[in-house]
Amino acid sequence: DNAGALETEAINIGNDSDLAVNLQGWRLEREGGPAYTFGNILLFPGSGLKLHSAGGTDSSVDVYWNQPAAVWSAGAVARLINPQGAEVSRFSVP
């Protein structure tokens, strides 16, 4: 959401599987750029969270990266990597 605007940009991450997933050690990275490593967050089936580029206080549905500038721009590629280093998901920012 709102790529290029630090205060409002965020990436939505959803669990569309039938199992709960602990995101501990998972990374969301911009290809060729910074990476965010998740802490102990449990995503239940059908649930999701937002990773905000700006600073803030983490909750069960919002986590904050505390970046000094916007991370995403049109055409940037976001990759979700599991703790074993395998790419689980990839998408291009519209």
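General observations
- When the stretch 9-21 is filtered for residues that are open to solvent by less than 70 Å² (accessible area, probe 1.4 Å) and more than 9 Å from the chain's Cα centre (by Cα), the ones remaining, listed by number, are Glu9, Gly14, Asn15, Ser17, Ala20, Val21.
- Answer residue from the stretch 1-26, given it is out of contact with any Leu (no Cβ under 6 Å at 6 or more places or on another chain) and among the polar types (S, T, N, Q) and is farthest from His52 (Cα to Cα) among those: Ser17
- Top-ranked residue of the stretch 27-46 - restricted to ones that are hydrophobic (A, V, I, L, M, F, W, C) and open to solvent by 70 Å² or more (accessible area, probe 1.4 Å), ranked as farthest from Ala69 (Cα to Cα): Phe44
- Candidate set: the stretch 47-66, residues that are more than 13 Å from the chain's Cα centre (by Cα) and open to solvent by less than 70 Å² (accessible area, probe 1.4 Å); chosen: the one modelled with the lowest pLDDT: Ser59
- Residues of the stretch 67-77 satisfying the condition of being open to solvent by 50 Å² or more (accessible area, probe 1.4 Å) and either among the hydrophobic types (A, V, I, L, M, F, W, C) or in contact with a Gly (Cβ under 8 Å, 6 or more places away or on another chain) (or both): Ala69, Ser73, Ala74
- Number of the condition not met by Gln24 [criteria: (1) polar (S, T, N, Q); (2) within 17 Å of Asn2 (Cβ to Cβ); (3) open to solvent by 50 Å² or more (accessible area, probe 1.4 Å)]: (2)
The values are calculated or read from the model by the stated rules, or taken from the named source; none is laboratory data. Bear in mind that the values here come from a model prediction, so they are computed numbers and not experimental data. Quick reminder, even Gly has a Cβ in these numbers, built from the backbone with ideal geometry, and neighbours come from all protein chains shown. Remember, those area values only see protein heavy atoms, side chains included, never the ligands or the DNA or RNA. Shrake-Rupley method; radii C 1.70, N 1.55, O 1.52, S 1.80 Å.
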